[in-house]
Amino acid sequence: MTQRPPDRFFDAPADDVAPRLLGATLVSRMGGRVTRGRIVEVEAYLGQSDPASHAYRGRRHRGNESLYGPPGTWYVYLSYGMHWCANLVCGPAGSGGAVLLRAVEPTGGLATMAERRAGRAREEWCNGPGKLCAALGITRELDGSRVMASAVRLDLSTARDGPRAQGPRVGITKAREWPLRFWLEGTPWRSRA
């Protein structure tokens, strides 16, 4: 049975929550098919004070409303009009902080992932935010739901201490140099920087 994290786990700044997610397992039941992946890379976005955040300076619109929800809410948005990106809302409701899931190691439902990521090597199924959403079947349908009661749940019992690295965020133009990307050191599953 998947352990469900309490809301208080996410009721902290995104840069505190992000490294604690490393090693945790995502269990997706999207589309009625079970897939699993161990989180190996994440990126923190600090909300209204972060120029790279969708909540910068309190920007608010229909598309990012869930970003202002209570801690432990899924925020799923479409990047460049073609890739879903999954984030977990952190900090107090209304702050706009979140952790972007950047990469997971595929650990279960491999046939489903192979089908969803047809023609790609296993190492490329989940090594980027859009790729992991495709492999796990994550779409906007998840947006606004609570991780404790959604089709994609988090098992924190697999999170562990170990060699971790931290560096600048990637794939953005503003505040790119801020060292808010965290990953498990030595993993072949992380995204290309």
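The values are calculated or read from the model by the stated rules, or taken from the named source; none is laboratory data. Bear in mind that the values here come from a model prediction, so they are computed numbers and not experimental data. Positions of Cβ are backbone-derived with ideal geometry, glycine not excepted, and every protein chain shown enters the neighbour counts.
In the set (1) of a type outside the set (A, V, I, L, M, F, W, C); (2) within 23 Å of residue 174 (Cα to Cα); (3) touching a Phe, Trp or Tyr at 6+ places or on another chain (Cβ under 8 Å); (4) surrounded by 21 or more Cβ atoms within 10 Å (Cβ to Cβ), the condition left unmet by residue 48 is number (4).
For the stretch 158-180, a residue qualifies if it is part of a loop (DSSP other than H, G, I, E, B) and surrounded by 13 or more Cβ atoms within 10 Å (Cβ to Cβ), and the qualifying residues are 159, 168, 169, 170, 171, 172, 175, 176, 178, 180. Restricting the stretch 1-30 to residues that are in a loop (DSSP other than H, G, I, E, B) and of a type in the set (A, V, I, L, M, F, W, C), the residue that is modelled with the lowest pLDDT is 1.
Counting the residues of the stretch 116-139 that are surrounded by fewer than 16 Cβ atoms within 10 Å (Cβ to Cβ) and either in contact with a Leu (Cβ under 7 Å, 6 or more places away or on another chain) or small (Gly, Ala, Ser) (or both) gives 3.
Filter the stretch 73-112 down to the residues that are small (Gly, Ala, Ser), in contact (Cβ under 8 Å) with a residue 24 or more places away in the chain and surrounded by fewer than 19 Cβ atoms within 10 Å (Cβ to Cβ) and list them by number.
Passing the criteria: 79, 93, 94, 108.
Can you confirm whether the stretch 37-51 contains a residue that is more than 22 Å from residue 145 (Cβ to Cβ), part of a loop (DSSP other than H, G, I, E, B) and under 16 Å from the mean Cα position of the chain (by Cα)?
Filtering the stretch 37-51 down to residues more than 22 Å from residue 145 (Cβ to Cβ) leaves 40-41, 46, 48-51.
Subsequent filtering for residues that are part of a loop (DSSP other than H, G, I, E, B) retains 46, 50-51.
Applying the additional criterion that residues be under 16 Å from the mean Cα position of the chain (by Cα) yields 46.
Yes; the residues of the stretch 37-51 include at least one that is more than 22 Å from residue 145 (Cβ to Cβ), part of a loop (DSSP other than H, G, I, E, B) and under 16 Å from the mean Cα position of the chain (by Cα).
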